[in-house]
1. Hey, among VAL45, VAL57, VAL71, which residue is in contact with a Phe, Trp or Tyr (Cβ under 8 Å, 6 or more places away or on another chain) and under 22 Å from GLY110 (Cα atoms)?
2. In the stretch 7-55, how many residues are among the small types (Gly, Ala, Ser) and more than 22 Å from PRO93 (Cα to Cα)?
3. Can you say whether PRO76 is closer than 23 Å to ALA37 by Cβ, touching a residue at least 24 places away in the same chain (Cβ under 8 Å) and not polar (S, T, N, Q), as far as the supplied structure shows?
4. Of the residues PRO67, PRO91, PRO49, only one is touching a Lys or Arg at 6+ places or on another chain (Cβ under 9 Å) and of a type outside the set (Phe, Trp, Tyr); which?
5. Mind counting the residues in the stretch 82-102 that are touching a strand residue (DSSP E or B) at 6+ places or on another chain (Cβ under 9 Å) and farther than 14 Å from TYR47 by Cα?
Amino acid sequence: LPEQVACHAELLAEAGALGLQECVELRTNVSAEERGALFARAGAVVYTPSFEHFGIVPLEAMAAGRPVIAVALGGPCESVAHGETGWLCEPTPAAFAAAYAEAAGLDAAGELCAR
């Protein structure tokens, strides 16, 4: 869709403006095999849509044994168990940052996937 192409370009430009182009990678048309490899490498999966009625990404992440950091609205409220399979957050950058910091701390301590 044209709006997705525009959003992709905007995100790449923003990463460049912030000097993060070497740290941020945006992929399109990811195969099932590649998606599995990405989940295997991820410490946690961040899912930001605010009004998804269901959302398959959190389920795929949890099936791969990865916790999900998601907005506490819509579908993730029914699939993510806060504090067990991930974190449900207010839709603010601060809330997502706090959840990600907690996930990173647990990962560093070797406790992330033990939850």
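1. Working: VAL57 fails: under 22 Å from GLY110 (Cα atoms); VAL71 fails: under 22 Å from GLY110 (Cα atoms).
Unique residue meeting the criteria: VAL45.
2. Taking the stretch 7-55 and keeping what is among the small types (Gly, Ala, Ser), we get 9, 13, 15-17, 19, 31-32, 36-37, 40, 42-44, 50, 55.
Remaining after also requiring more than 22 Å from PRO93 (Cα to Cα): 31-32, 36-37, 40.
Result for the stretch 7-55: 5.
3. Details: closer than 23 Å to ALA37 by Cβ: no; touching a residue at least 24 places away in the same chain (Cβ under 8 Å): yes; not polar (S, T, N, Q): yes.
When the stated conditions are applied, PRO76 does not pass them.
4. Numbers: PRO91 fails: touching a Lys or Arg at 6+ places or on another chain (Cβ under 9 Å); PRO49 fails: touching a Lys or Arg at 6+ places or on another chain (Cβ under 9 Å).
The match here is PRO67.
5. Residues flagged as touching a strand residue (DSSP E or B) at 6+ places or on another chain (Cβ under 9 Å) and farther than 14 Å from TYR47 by Cα within the stretch 82-102 amount to 2.
Values quoted throughout were computed directly from the atomic coordinates according to the rules given, and no laboratory measurement underlies them. Model, not experiment: these values are computed from the prediction. Methodologically, a virtual Cβ is constructed for each residue, glycine included, from the backbone with ideal geometry; neighbour enumeration extends over all protein chains shown.
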